[in-house]
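Novice: First the structure, then my questions, so here it is.
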Amino acid sequence: MQQPPTNIWTRRLSSLQKKISRWKADGILFTDICNIRYLTGFTGGEGLLMAGRDEARLLVDGRYTAQARTEVCGIPVFEFSDKLQGIEQAAAKMGLSKIGFEPSRMSVGDYNRLSARLKNANLIPLDEELRMLRARKDASEIALMKKAAAIAAKAVSELAQALRPGWTEREAALYLETQARRAGAEQIAFETIIASGENGAFPHAQPSRRKIRHGDFVVVDFGVRCRGYCSDETCTFAIGELTRAQKNAYRAVKRAHDEAIAAIRADADAAQIDALARRTLGKKYSRYFVHGTGHGVGLEVHEAPRLAPTSRDILQSGMVVTVEPGLYYPGLWGIRIEDTVVVKKNGCEILTAMSKDLITIE
């Protein structure tokens, strides 16, 4: 997979700059490293981007200067020894007096210190305006996410073939992550979830020393990164014969998953997709569905938009979202089925590769 052409960063930054005046600002300070990567191509772990209407500056400390100057084209790179001083100097050099910022990415302490330092500038919160900055993916982003999904699915498939009763959840997680690394994963996208039996009732369970047993559901929620972009997929395996109640519950989740995916298309209301999944589960099951139906995926595993009861988002072509209904019975078991899809004009394309038919491991 080739690196996206250099001018992709120029196009993204230029598109942003055209909106700055509309937001009643003359510049924006970016502190979110994923937004900085998206706009400049810089892959370091820390930095600042000051974007004005006609120019921009990437600010880094000495750890990242050489890397930034290698990775970033068309944007000058400045090294700072003191972060606040670097911001103050950039704002003065660029003549910025109304500076937008990302309030969800800045602590109260940092805001207070920055406000005291920028005596001649007003800080303008732009949380909602910037929330959808990365929501619509281009072809290069989708290709990377599809590659990540293929690597993850290969590892999950190999786990399904190797897993046996008696393995601990931690042993299963280690096996899964090792197979993914061997298949080319750059990183694991988030903390791997392997949750068996009663642990499956915790949506974000951590792998434990619990041994997997006959009659268990095993929830496997896993993703990897490919050049920064995440995959996210959940399968629930059956270990041996299940009870009738477990089989019926799995079918219910699968129906909710399938109905929600069938309803995804451009201009669809995200909250209505969530409501459809809950209606499909029905009264018997919906009270055990304790989280939203999905979320955006990209450079972060959780980003805009949201498929949830309180979401006000409208889906657009190019957005990448998960569909992940689940049921969680405290003290008993849990089920989650998750695919990641790209929104299209008249439907969606599934990026994740594992079948969501129930896989039984003897």
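The values are calculated or read from the model by the stated rules, or taken from the named source; none is laboratory data. Just so it is clear, the model here is predicted, and its values are computed rather than measured. Virtual Cβ from ideal backbone geometry, glycine too; neighbours counted across all protein chains shown.
Novice: From the list Val341, Val301, which one is touching a strand residue (DSSP E or B) at 6+ places or on another chain (Cβ under 7 Å), part of a loop (DSSP other than H, G, I, E, B) and in contact (Cβ under 8 Å) with a residue 40 or more places away in the chain?
Specialist: Val301
Novice: Let me ask something else about it. Residues that are polar (S, T, N, Q): find the strands (runs of 3 or more DSSP E) completely inside the stretch 176-252 holding 2 or more of those.
Specialist: It comes to 233-239.
Novice: If a residue has to be of a type outside the set (A, V, I, L, M) and either touching a Cys at 6+ places or on another chain (Cβ under 9 Å) or in contact (Cβ under 8 Å) with a residue 60 or more places away in the chain (or both) to count, how many in the stretch 259-282 make the cut?
Specialist: Looking only at that region, the number is 1.
Novice: Which residue out of Lys283, Lys254 is over 26 Å from the mean Cα position of the chain (by Cα), surrounded by fewer than 20 Cβ atoms within 10 Å (Cβ to Cβ) and assigned by TED's automatic domain parsing to the domain that holds Pro203?
Specialist: Lys283
Novice: If we keep just the residues of the stretch 304-337 that are outside any loop (DSSP other than H, G, I, E, B) and hydroxyl-bearing (Ser, Thr, Tyr), which is farthest from the chain's Cα centre (by Cα)?
Specialist: Going through the qualifying residues, I end up with Tyr329.
Novice: Regarding Glu198, is this residue buried (at least 21 other Cβ atoms within 10 Å of the Cβ), of a type in the set (Asp, Glu), at negative phi and touching a strand residue (DSSP E or B) at 6+ places or on another chain (Cβ under 9 Å)?
Specialist: Considered against the rule, which asks whether it is buried (at least 21 other Cβ atoms within 10 Å of the Cβ), of a type in the set (Asp, Glu), at negative phi and touching a strand residue (DSSP E or B) at 6+ places or on another chain (Cβ under 9 Å), Glu198 comes out as no.
Novice: With the structure loaded, tell me whether Ala268 is out of contact with any Gly (no Cβ under 8 Å at 6 or more places or on another chain), within 26 Å of Arg312 (Cβ to Cβ) and surrounded by fewer than 24 Cβ atoms within 10 Å (Cβ to Cβ) or whether it fails that test.
Specialist: yes
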